[in-house]
Ligand SMILES: *Cc1c(COP(=O)(O)O)cnc(C)c1O
């Protein structure tokens, strides 16, 4: 695909006033763990609490004048970004989600004035509902990851990180549909061809990881995870994000629910930051010693903070967490 640094720079100009310029902060604790300087890109500081505002704003700003409304399927944060972007332009937004999406995310979307449609038990079911709305109500569907403008918007994160710290040696990117990883990798490689870019995801339901191994998009069962924002498939008809991840990622690494649990605790107790399970997969991989790092600073992206606070309270107080038929055994934080 022809996504270039120029597309990403153009995206940055379009979205800058609403979604650019989040902080990149050092983590002394994680630097100690990794044996290298660790930097955290705080996308949790976005107005919607997640990076997805970047891609959504870039996509919605490019729509024709005669478009009256937008729709999308979402694990929560893309829908919130689309709802925000639609409100800026005065457009109707209908956000389609499965029953797996936490109530906190649904409430955040409703609060932005969007219509919410809960359909089925998977992202595929939610996508089918979005397709119906396109056919029957003339809405424009904005893919959470397989859309050139969305990917370019997410890529602005890579641009900002390398501008702030051109010496970054490794970027650890949370990975689901691959819009974020694809965009960040294109930007980072254009600026620093030798940089190492690793995609991180949870072992329960790692669709892109399985697809990269198979060499084509494959389906995996969607199950509850602490990293709920990383759930869902890559789309069997994936055109853009799969080839980008295949061509640009050095590696993909899986972390367990237990790794994610410990990383959420560590980020909270050591750095005093609240982040979703999906945000901490890079931290989890470093703490578990599961990822190879290139020389130089390591940067990871704290992608969102839109979690269920009752669940977060359980994690930071060391209690069990029940994920469907899987139980993450509680343990108090032990530095
Ligand atoms: C969507 C999302 C991701 C993954 O982004 P993809 O482009 O789907 O790979 C990571 N973290 C959070 C919090 C998200 O909402």
Could you work out the percent of alpha carbon pairs in the chain separated by over 34 Å, rounded to a whole number? 16 percent
Connecting C-alpha atoms closer than 10 Å in a GNM of the chain, tell me which of 272, 110, 246 has the biggest fluctuation. 272
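Dividing the convex hull volume of the alpha carbon atoms of the stretch 52-141 by its residue count, what do you get in Å³ per residue?
In the stretch 52-141, the Cα hull volume divided by residue count equals 73 Å³.
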Could you order the peptides 323-333, 97-107 from most to least packed, using the average number of other C-beta atoms within 10 Å per residue? 97-107, 323-333
May I ask for the Kirkwood hydrodynamic radius of the stretch 1-75, worked out over all distinct Cα pairs and given in angstroms to one decimal? 14.9 Å
Residue-averaged [θ]222 nm for the chain, counting only DSSP H segments that reach four residues, each worth -39500 (n - 2.57): -13000 deg cm²/dmol
Fraction of beta bridges assigned by DSSP in the chain that are antiparallel (%, nearest 5): 20 percent
Multiply the residue gap between residue 128 and residue 66 by 0.36 nm, knock off their C-alpha separation, and tell me the result in nm, one decimal place. 19.9 nm
With a 10 Å radius around each residue's Cβ, average the other Cβ atoms per peptide and rank 186-194, 311-319, 151-159, highest first. 151-159, 186-194, 311-319
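When N counts the residues of the stretch 212-256, how does its alpha-carbon radius of gyration compare numerically with 2.2 N^0.38 Å, as a ratio?
Values: Rg = 11.4 Å, N = 45, 2.2 N^0.38 = 9.3 Å.
Rg over 2.2 N^0.38 Å, computed on Cα atoms: 1.22.
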Based on the mean of other beta carbon atoms within 10 Å per residue, what is the order of 219-225, 199-205, most packed first? 199-205, 219-225
Distance in Å, no decimals, from the C-alpha centre of the stretch 7-50 to the one of the stretch 126-200 is 14 Å
Taking square-rooted eigenvalues a ≥ b ≥ c of the alpha carbon gyration tensor, is the stretch 103-216 rounded, prolate or oblate, where a/c under 1.5 means rounded and, failing that, a/b exceeding b/c means prolate? prolate
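Read-outs throughout are calculated quantities, based only on the coordinates presented, and are distinct from any laboratory measurement. All values derive from a computational prediction rather than experimental measurement. Using ideal geometry, Cβ is built from the backbone for each residue, glycine included, and neighbour counts are taken over all protein chains shown.
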